1. If you scan the range 309-334, which residues turn out to be in contact with a strand residue (DSSP E or B) (Cβ under 6 Å, 6 or more places away or on another chain), part of a strand (DSSP E or B) and at pLDDT below 85?
2. From 385, 350, 370, 346, which residue is outside the structural domain of residue 75 (by TED's automatic domain parsing), at pLDDT 85 or above and closer than 30 Å to residue 297 by Cβ?
3. Could you go through the range 59-79 and let me know if any residue there is buried (at least 18 other Cβ atoms within 10 Å of the Cβ), more than 25 Å from the chain's Cα centre (by Cα) and under 30 Å from residue 190 (Cβ atoms).
4. When you check residue 257 against the structure, is it under 26 Å from residue 146 (Cα atoms), in contact with a helix residue (DSSP H, G or I) (Cβ under 6 Å, 6 or more places away or on another chain) and outside the structural domain of residue 362 (by TED's automatic domain parsing), yes or no?
5. Among the numbered conditions (1) out of contact with any strand residue (DSSP E or B) (no Cβ under 8 Å at 6 or more places or on another chain); (2) surrounded by 17 or more Cβ atoms within 10 Å (Cβ to Cβ), tell me where residue 347 comes up short.
6. Only one residue in 249, 292 is free of Cβ contacts under 8 Å to residues at least 60 places away in the same chain, within 13 Å of residue 233 (Cβ to Cβ) and outside the structural domain of residue 65 (by TED's automatic domain parsing). Which one?
7. Which fully enclosed strands (runs of 3 or more DSSP E) of the range 6-118 have 2 or more residues being under 30 Å from residue 197 (Cα atoms)?
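The values are calculated or read from the model by the stated rules, or taken from the named source; none is laboratory data. Worth saying up front: this structure is predicted, and the values here are computed from it rather than measured. Because the Cβ atoms are built from the backbone with ideal geometry, glycine has one as well, and the counts that use them run over all protein chains shown.
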């Protein structure tokens, strides 16, 4: 086959060539006894390498851990302390070479599957494992739900070691016979436009922070049939900004590192992340009146998994998310939803982004600003939208909010900002 399977800066590999690379790497792994549960590790810098490593590891039923290519050595050392690794994979021309680690036990160490680190948005990142049958099943379901065809080109701006990039973009594209087109990093509007101009982009997947950028840039090449946001809730103003200059709506998908993709919403209904994928059951436990419930998911006949997210199920079965359970906190004995407050603050014209926390007895709002704020006038406006106990006691402008590599707010780091802060305003 001469159709391109994976395209990235400086390289394009056809389906035929990709099949050959996968078969060769699978043979090399088997010859070295690295199959049936051996633990492999790849620093995920290049899309072709990730595709070859994932497909070959699945063929020999090895476990594959994908690491952040930008992580410093100290972080990689912490990962090695978390997870025993039998062999490191490294780029070697068009293929991958295998570096067996001394003392590694080899086969049978753990079930074969994909190992990914969680984002660390609420604490120390952990390693989540999913079996290869589960990985391939959900990737196929995503491709079907998005109606991917061989003439589609899927663009993803997420880092290659993230579930969103591998499970929701790379594998669904390849299983559908479509092309995966990886833009250069960082994925600025200009770089994404250049990648699409060179290799196409009928389906583009990114995160809210970048969609805000793309919507304001109004890049001519960025006119996909499906524009998909995931990773965190899509702010309404970003959705509306996109619609003002684009024919197709901005859709939301939902999933977790632990479970892989869970929902898709190709229709782009605002406030919804869509319906559950085939084989996935979603229920919301404990929803009562105006209080959302915890989102529980189950694959096939498996046990329910508590995602830690809060939401509601609409009458038509669509899932509507309303933040994380960890984002509901008590202030003065009253439970408040941090995301509700952040949404109201982000609607103010001076604010680019906001994250709230309760690092002490007070509610803090950390603000990325487009322009300086007048404290008194700003609070007066908030009091028109929020009950008094929901208006932050402390407003703290910051140069940048702490974020994970996927663009999520690193809420565990907000307390450190507070401890180092001189408050810009207190109530």
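1. Correct list: 323, 324, 328.
2. Working: 385 fails: closer than 30 Å to residue 297 by Cβ; 350 fails: closer than 30 Å to residue 297 by Cβ; 370 fails: closer than 30 Å to residue 297 by Cβ.
Exactly one residue qualifies, and that residue is 346.
3. No, the range 59-79 contains no residue that is buried (at least 18 other Cβ atoms within 10 Å of the Cβ), more than 25 Å from the chain's Cα centre (by Cα) and under 30 Å from residue 190 (Cβ atoms).
4. So residue 257 fits the description; yes.
5. (2)
6. Within the list 249, 292, the selection yields 292.
7. By residue number, 11-14, 39-44, 63-68, 87-92, 95-100.
Residues are listed down the side, and each one gets a yes or a no for (1) assigned to a loop (DSSP other than H, G, I, E, B); (2) outside the structural domain of residue 162 (by TED's automatic domain parsing); (3) closer than 27 Å to residue 351 by Cβ:
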| position | (1), (2), (3) |
| --- | --- |
| 194 | no, no, no |
| 198 | no, no, no |
| 210 | no, no, yes |
| 215 | no, no, yes |
| 219 | yes, no, yes |
| 223 | yes, no, no |
